[in-house]
Amino acid sequence: MIYSSGDDWRAAPKKRVLLFGMSGLGKTHVSSLLREAGGWFHYSVDYRIGTRYMGEHISDNFKREAMKVPLLRELLMTDSVYITSNITFSNLSPLSTYLGKPGDPDKGGLGLAEYQRRQEQHRVAEIAALRDTPHFIERAQEIYGYGNFVCDSGGSICEVVDPDDPGDPLLTTLSEHLLLVWIKGSDAHTAELIRRFDRAPKPMYYKPDFLLDCWSGYLAETGLCESAVDPDAFVRWTYARALAHRQPRYAAMAEKWGVTVTAEEVSALRGPEDFDALIAAAIDRR
């Protein structure tokens, strides 16, 4: 780790962390808190994915839908309108909408092949956005004068690295530049995330083999053909399995590459001073 002790962290003139864990446990909240207090650069991996690496895919998808409407088709063909996504750190809906869900096209679902194609686009984009982190650390310092840097990673970071490989190239690069911090949720947090997802199912990224196992398992359990699958029902069925699949991967990342803080500790943070104290304690108790 780039900080050997809590005192080393406290004394560091440049504090650099990468937050990881399940979506909904506070990564973006903490990152925003630090940014708004001043002195911290906030790098959102999902925002980078949705703008730099998948922005064209997203806007082209909007245009395909617009071309189905005669009035909009005419305006697009004459360059009379401009269609793009309004993605922000706190609103990643354009990215998740593009990623989509597999199933019945009449219910907004994608064919499995197209869904897999978009999943692969996301995998490539996430790796690229994570690899960009050292560049943004340098950029934040050189252009804006920010020595402190927080990388707000996506929930699927654990799907694009191998935490059990001591030579994993992505984790090696990241750990050379930042302290990796797992925000660990409790069973109660997991249950609440599942309830929240059940109310409003959202697209997400899965490892290819995990996705195919879930897809074949769902078809076998329900007896449905691919085109009859309710997209929301499938992602609801898959979500709890995905969380269980990710938990040991997060734990291995923290054990072998970083430190752990709890979601309860994160929710109690009120400013950068609290954050400094929490990270120092996490390093010392490792």
Between GLN247 and ALA268, with labels modelled 7 Å along Cα→Cβ, what's the label distance in nm to one decimal, could you check? 2.3
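If Lys and Arg each add +1 and Asp and Glu each add -1, what is the summed charge of the other residues whose beta carbon sits under 13 Å from the beta carbon of GLY271? Intermediate values should be presented prior to the final figure.
Values: positive: ARG35, ARG270; negative: GLU36, GLU273, ASP274, ASP276.
It works out to a net charge of -2.
Heavy-atom accessible area per residue, the stretch 217-286, 1.4 Å probe: how many Å²? Can you show the working numbers first?
Details: 3180 Å² over 70 residues.
With all protein chains present, the stretch 217-286 gives 45 Å² per residue.
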ALA125: net charge of surrounding residues, Cβ under 14 Å, Lys/Arg +1, Asp/Glu -1, itself excluded? 0
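Cβ under 11 Å from ASP152's Cβ, ASP152 left aside: what net charge do those residues give with Lys, Arg +1 and Asp, Glu -1? If you can, show how the numbers build up before the last one.
Numbers: positive: LYS27, ARG35, ARG48; negative: ASP46.
Neighbour charge sum, excluding ASP152 itself: +2.
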Over the Cα atoms, compute the radius of gyration (one decimal) and Dmax (the largest Cα-Cα distance, rounded to a whole number) for the stretch 13-136, in Å. 17.4, 58
Any chance you could get the radius of gyration and Dmax over the Cα atoms of the stretch 200-286, in Å? 18.7, 55
Quickly work out the ASP79-to-ARG236 label distance, labels modelled 7 Å from Cα along the C-beta direction, and quote it in nm with one decimal. 4.7
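At 0.36 nm per residue, and after removing the present C-alpha to C-alpha distance, how many nm does the segment from ASP209 to ASP162 gain when stretched out fully? Mind dumping the intermediate values first?
Numbers: separation 47, 0.36 × 47 = 16.92 nm, distance 1.45 nm.
Taking ASP209 through ASP162 to full extension adds about 15.5 nm, to one decimal.
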Dipole moment magnitude, nearest 20 debye, the stretch 57-178 about Cα centre, only Lys, Arg, Asp, Glu C-beta charged: 640
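Counting only heavy atoms of the protein chains, get the accessible area per residue of the stretch 87-178 (1.4 Å probe) and round it to a whole Å² value. All intermediate terms of the calculation are to be shown ahead of the outcome.
Details: 3860 Å² over 92 residues.
Counting only protein heavy atoms, the per-residue value for the stretch 87-178 is 42 Å².
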Taking the Cα centre of the chain as the origin, how large is its charge dipole in debye, to the nearest 20, when only Lys and Arg (+1) and Asp and Glu (-1) carry charge on their Cβ atoms? 360
Given N residues in the stretch 77-136, what is its alpha carbon radius of gyration divided by 2.2 N^0.38 Å? 1.43
Enumerate the lysines that LYS207 could reach by cross-link, defined here as Cα to Cα under 16 Å, with residues fewer than 8 away along the same chain left out. LYS101
Over the stretch 141-275, with every protein chain in place, what whole percent of the accessible area is carbon and sulfur at 1.4 Å, could you tell me? 52
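For the stretch 1-83, with all protein chains present and a 1.4 Å probe, just round the carbon and sulfur fraction of the accessible area to a whole percent. Could the numbers behind the result be given before it?
Working: 2240 of 4480 Å².
Accessible surface attributable to carbon and sulfur in the stretch 1-83 totals 50 percent.
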Those chymotrypsin sites (Phe, Trp or Tyr not before Pro) from the stretch 80-155 that are DSSP loop and have at most 16 other Cβ neighbours within 10 Å turn out to be TYR82, PHE89
Which residue, SER5, PHE197, LEU72, has the largest displacement toward the positive end of the dipole of the chain when charges sit on each Cβ (Lys, Arg +1; Asp, Glu -1)? LEU72
Qualifying trypsin sites (Lys or Arg not before Pro) in the stretch 67-109, DSSP loop, other Cβ atoms within 10 Å at most 15: LYS68
Can you tell me the relative contact order of the chain? Whole percent, Cα pairs under 8 Å, sequence separation 6 or more. 34
Furthest towards positive pole of dipole, VAL160, GLY108, ALA263, structure part the chain, Cβ charges: GLY108
The Cα radius of gyration of the chain, divided by 2.2 N^0.38 Å with N its residue count, comes to 1.07
Over 16 Å, how big is the tail of the calculated P(r) for the stretch 181-227, in percent of all Cα pairs? 63
So how tilted is helix 272-284 from the main axis of the chain? Cα-based, degrees 0 to 90, rounded to 10. 80
When the label point is put 7 Å from the Cα of ASP284 along its Cα-to-beta-carbon vector, which residues of the stretch 1-40 have a backbone N closer than 15 Å? 4-12
At 37 °C and 0.692 mPa s, grab the translational diffusion coefficient of the stretch 9-73 from Stokes-Einstein with a Kirkwood Rh over Cα pairs, rounded to a whole number in µm² per second. 218
Binning at 5 Å from 0, report for the stretch 79-221 what percent of all alpha-carbon pair distances ends up in each bin. 2, 7, 12, 17, 18, 17, 13, 8, 4, 2, 0, 0
Reach of LYS68 by Cα under 20 Å, taken over lysines that are not fewer than 8 positions away in the same chain: LYS107
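The values are calculated or read from the model by the stated rules, or taken from the named source; none is laboratory data. None of these values were measured; they are calculated from a predicted model. Quick reminder, even Gly has a Cβ in these numbers, built from the backbone with ideal geometry, and neighbours come from all protein chains shown. SASA here: full protein model, heavy atoms, side chains in, ligands and nucleic acids out. Shrake-Rupley method; radii C 1.70, N 1.55, O 1.52, S 1.80 Å.
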